[in-house]
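Notes follow once the structure below has been shown.
The values are calculated or read from the model by the stated rules, or taken from the named source; none is laboratory data. No experiment lies behind these values; they were computed from the predicted model shown. Here the Cβ is made from the backbone with ideal geometry for all residues, glycine too, and neighbour counts use every protein chain on show.
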Amino acid sequence: MNDVLKPEKIRCDACPVMCYIADGKAGACDRYANHAGELVRLDPLTIIQGSDQKLVPFLSGGSPQDWDGDIVKGNRPFVTAVGAGTTYPDYKPAPFIVAQDVDGVDMVTIVTEGIFSYCGAKVKIDTDRHIGHERDVVYAEGEPIGHVMTSEYGSKMLSLGGVEHLTGGSKKEGRVTCNALLNLCNREAVELNIGEGDEQISVVVQAGMAPVINGDVEKLMRVGCGSATIGMFAKQWLDHADDVVVVDDHITGVLSEHEAGKQLDVPPTGIKIMGRRSTPGRYFQVAQPGTGWGGTNIDDPLSILGPFNPKVAWEGLRLLMVSTTGEQSAYYELDADLVPQPASMPKVLIGSTDLIAENCEPSVCSVLFMGGAGGSLRAGVTENPVRLTRSVKDALTHVSCGGAESYVWPGGGITVMVDVLDMPTGSFGYVPTPALVAPIEFSLRVSDYRTLGGHMDEIKPLDATQSEGFRKVSQNTRGHDPMSHAHYRWSKGDPS
Ligand code: SF4
């Protein structure tokens, strides 16, 4: 008979999966492990320290309050929810409820890692290249994970994830969606495929990096639409070109017809554009969307021109054609038959196309995490969850994610959106339900916390939370301070 008792597995109750974890092993999400019978959170709690990078003896006995001063001007630490752990299903108080004096006001921060089934990412891709039509499906690993949204000025927009893909499709769709969101939010590169069949376009997206579209690294976002480009640069073309066409997938501009040209007394040239005329000098749909000139599918700009009007045009007419990023340009002069012939571009016009390119910003991908702080998560903060929602709306409670500034949407609930680049690295995790794990912190006055039914008995002073294994990160470049009095209504003279 074997007398050696097998160590018991312990149960993790930090998410609905409820893993039984053997000694020395980690649970399904790799966030929790069994260390000699004790359930431990594997990632360290992350603390943001002040911007001057000064290390203080936080781990060796010194009080964190030694990190004096405002987070912007000094060293006051902020306990984020990154690595804090979860208290699913949150009938328990949040893992850390931390009090500190902030410039004479008793403040408390409630930190928890939320398990977000209702979450996704909004992705902004600065490019005029065609990456798919509005409503096209976005795939990762062959599974649908989102769709193309309405373009914004100079940028393509994707909506990824959401409960419909995480839970509403097949098991594989949910798993792949969760994995893509996790990687995107943790700033890793993810290959997405947009559209169907032969038309499908590959886009590699990584927060803070240029997109890679069908294998090409995108460089610049357009300076503006074709019409705006005419407005910006019209003066520079005077005397050097008789007409200028700025090719753009959305609004192609024509100098001689545009209001800017009229105000500069540019005479008509008899030019004809093969598109749908909007207002003078502004044309829609000159070509199909694509990866050619100005986000169209054309490589030859002359393909959008009809014949010049012989009653108006003249031999030798000088024509500049340029894309909205200045990356493509060509110069022509009309021959005796009024047909544009390529000619060498005058130096001054080369300078002006270079200036268009110089005015373009680098093409970058932005990834914004978006999630809803639901009823059970709020219960970790207060016994009366709706009061937390009201307190956020009343600007008595400030919401941050990993210490980063979050945008709280108007209307019901606490629906937050945050730029993942503002958050500490590795802020996101997952659980196999599937759902994303993301940090969220609620900061408010202790007096307000009491009013909204907070877990007052669980409040600990900042120095009581110290333990080995903290990860200290410096403040993000935007210098957001969740504890700054400026975020709170009471700082603006409202006594309530
Ligand atoms: S998957 Fe859920 S239950 Fe399993 S270890 Fe992770 S948090 Fe705990």
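Values computed for the structure shown
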quantity: Flag if SER366 is out of contact with any Phe, Trp or Tyr (no Cβ under 6 Å at 6 or more places or on another chain), surrounded by fewer than 21 Cβ atoms within 10 Å (Cβ to Cβ), hydroxyl-bearing (Ser, Thr, Tyr) and not in a loop (DSSP other than H, G, I, E, B); calculated: yes
quantity: Failed condition for GLY62, given (1) part of a strand (DSSP E or B); (2) modelled with pLDDT under 85; (3) not hydroxyl-bearing (Ser, Thr, Tyr); calculated: (1)
quantity: Residues within segment 388-447 that are free of Cβ contacts under 8 Å to residues at least 12 places away in the same chain and under 22 Å from VAL364 (Cβ atoms), tallied; calculated: 1
quantity: Wholly within segment 387-440, strands (runs of 3 or more DSSP E) carrying at least 2 residues that are more than 18 Å from THR109 (Cα to Cα), within 16 Å of the ligand (Cβ to nearest atom) and not polar (S, T, N, Q); calculated: 429-431
quantity: Selection within segment 10-27 - more than 8 Å from the ligand (Cβ to nearest atom) and not basic (Lys, Arg); calculated: ILE10, TYR20, ALA22, ASP23, GLY24
quantity: Filtered residue count, segment 122-145, keeping only those that are out of contact with any Gly (no Cβ under 6 Å at 6 or more places or on another chain) and part of a strand (DSSP E or B); calculated: 10
quantity: Residues that are touching a Pro at 6+ places or on another chain (Cβ under 9 Å) and within 8 Å of the ligand (Cβ to nearest atom), drawn from segment 28-44; calculated: ALA28, CYS29
quantity: Filter result for ARG471 (surrounded by fewer than 22 Cβ atoms within 10 Å (Cβ to Cβ) and farther than 21 Å from THR425 by Cα); calculated: no
quantity: Inter-residue pairs, beta-carbon under 6 Å, first outside the structural domain of ALA33 (by TED's automatic domain parsing) and over 17 Å from TYR449 (Cβ atoms) and in segment 76-105, second among the basic types (Lys, Arg) and modelled with pLDDT under 90, 6+ apart; calculated: GLY85/ARG41
quantity: Subset of segment 130-141 (residues that are in contact (Cβ under 8 Å) with a residue 60 or more places away in the chain and farther than 18 Å from CYS365 by Cβ); calculated: HIS133
quantity: Selection count where residues are farther than 22 Å from ASP198 by Cα and either over 15 Å from the mean Cα position of the chain (by Cα) or buried (at least 24 other Cβ atoms within 10 Å of the Cβ) (or both), scope segment 127-153; calculated: 2
quantity: Total residues in segment 26-53, condition in a loop (DSSP other than H, G, I, E, B) and surrounded by 14 or more Cβ atoms within 10 Å (Cβ to Cβ); calculated: 10
quantity: Residue within segment 160-177 that is touching a Pro at 6+ places or on another chain (Cβ under 7 Å), under 26 Å from PRO16 (Cα atoms) and either basic (Lys, Arg) or in the same structural domain as GLN328 (by TED's automatic domain parsing) (or both) present; calculated: yes
quantity: Conditions (1) modelled with pLDDT of 95 or more; (2) within 30 Å of ASP419 (Cβ to Cβ); number of the one not met by VAL245; calculated: (2)
quantity: Flag for GLU113 being within 16 Å of the ligand (Cβ to nearest atom) and either closer than 30 Å to ALA464 by Cβ or not in a strand (DSSP E or B) (or both); calculated: yes
quantity: Failed item in (1) closer than 30 Å to ASP481 by Cβ; (2) without any contact (Cβ under 8 Å) to a residue 40 or more places away in the chain, with PRO144 passing the rest; calculated: (1)
quantity: Segment 255-290 - residue that is small (Gly, Ala, Ser) and in contact with a Leu (Cβ under 9 Å, 6 or more places away or on another chain) and, of those, surrounded by the fewest Cβ atoms within 10 Å (Cβ to Cβ); calculated: GLY270
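Yes/no per residue for (1) in contact (Cβ under 8 Å) with a residue 12 or more places away in the chain; (2) β-branched (Val, Ile, Thr):
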{"residue": "VAL108", "(1), (2)": "yes, yes"}
{"residue": "GLY154", "(1), (2)": "yes, no"}
{"residue": "MET157", "(1), (2)": "yes, no"}
{"residue": "HIS165", "(1), (2)": "yes, no"}
{"residue": "LYS171", "(1), (2)": "no, no"}
{"residue": "VAL176", "(1), (2)": "yes, yes"}
{"residue": "VAL190", "(1), (2)": "yes, yes"}
